[in-house]
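Please read the structure below before turning to the comments.
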Amino acid sequence: MSDFRKSWSDKGFSVGQRYYAVRKGRQIGVFTAWDGPGGARDQVKEFKGAVYKGFASQAEAEAFVRNKPEESRRARPQANLDAISVYTDGGAIGNPGPGAYGTVILKPGEPPCELSRGFRLTTNNRMELMGCIAALEFLRDDSALCIYSDSKYLVDAVNKRWARTWRQRGWRKSDGQPALNVDLWERLLALLDRRDITLVWIKGHAGYVWNERCDQLVHETLAQGIFDVDCAYEERQD
């Protein structure tokens, strides 16, 4: 099993730093540095009509970038210093093929906790689901938390209640076709049903610091080449 946890400070990032949100500039997104190469200043300096602002919390900065009232309402609770934020990502080479997930858990006053795991044969969607499941199974208490993911498949199926409807229909979609990844949806819905969890979609590769870190974890895990077996998926391939 290739789960691992690392100190974020080992990679040159500081905990509790300020976040700089650029809503209009050369590159849109949230940045952890104002000065320096690739910092927020470079994105707005001499850019006509630049829109940017500094925040103490990642979620407030992300809500500012999106500038969408409905998403801002979902993200706003994370400005609470007692809140827990989770970022997840997943992918598979070839889809299907070797895959991995990466997850970052942010608890107030604690260093970021990182989880990852690789599988020899799986799919993008299964890894997106597994990243979310891994975080929820790791966080065994009943604390409220917000999960950020760039997977529309994951976020829409939960927020629009598609997955729960599939379950009610005996895991059939509206067109009568069988739903995919039933084993993982059963695990995830059981976890979601027991606690106060909000899922928020964020755009991938758009400058969201922790989402980028999750993507990096996926690639690092794939590069290690240490893979478990996604038994439920491989059994269906026989």
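The values are calculated or read from the model by the stated rules, or taken from the named source; none is laboratory data. If you're wondering where the values come from, they're calculated on a predicted model, not measured in any experiment. Cβ sites come from the backbone with ideal geometry, for glycine too, and all protein chains shown count toward neighbours. Calculation scope for accessible area: heavy atoms of the full protein, side chains included, ligands and nucleic acids excluded. Shrake-Rupley method; radii C 1.70, N 1.55, O 1.52, S 1.80 Å.
Put simply, the amide H of K24, placed in the peptide plane, has neighbours under 5 Å in V51, leaving out anything fewer than 5 places away on its chain. Rounded to 0.05, the FRET efficiency of the W162 and V229 pair, given R0 = 25 Å and the Cβ-Cβ distance, is 0.35. Calculated accessible area for the range 124-238 comes out at 49 Å² per residue, all protein chains present (probe 1.4 Å; ligands, DNA, RNA ignored).
In the structure shown, the pairs K24/K152; K24/K173; K53/K160; K45/K160 are assessed against 30 Å; a Cα-Cα span above that value is assigned to K24/K173; K53/K160; K45/K160. Note on E137/H219: beta-carbon distance plugged into 1/(1 + (r/R0)^6) with R0 of 30 Å gives a FRET efficiency of 0.85. 3J(HN,Hα) along the range 222-230, derived from phi through the Karplus expression 6.51 cos²θ - 1.76 cosθ + 1.60 where θ = phi - 60°, amounts to 4, 5, 5, x, 9, 10, 8, 9, 7 Hz, with x in place of Gly and Pro. Taking amide H positions as modeled 1.01 Å from N, with prolines and chain starts lacking one, the residues under 5 Å from K107 and 5 or more places away or on another chain are C113. Rounded to the nearest 20 debye, the dipole magnitude of the range 93-142 is 280 debye, with +1 charges on Lys and Arg beta carbons, -1 on Asp and Glu beta carbons, and the Cα centre as origin. Per-atom-type breakdown for the range 167-238 gives carbon and sulfur 47% of the accessible area (1.4 Å probe, protein chains only).
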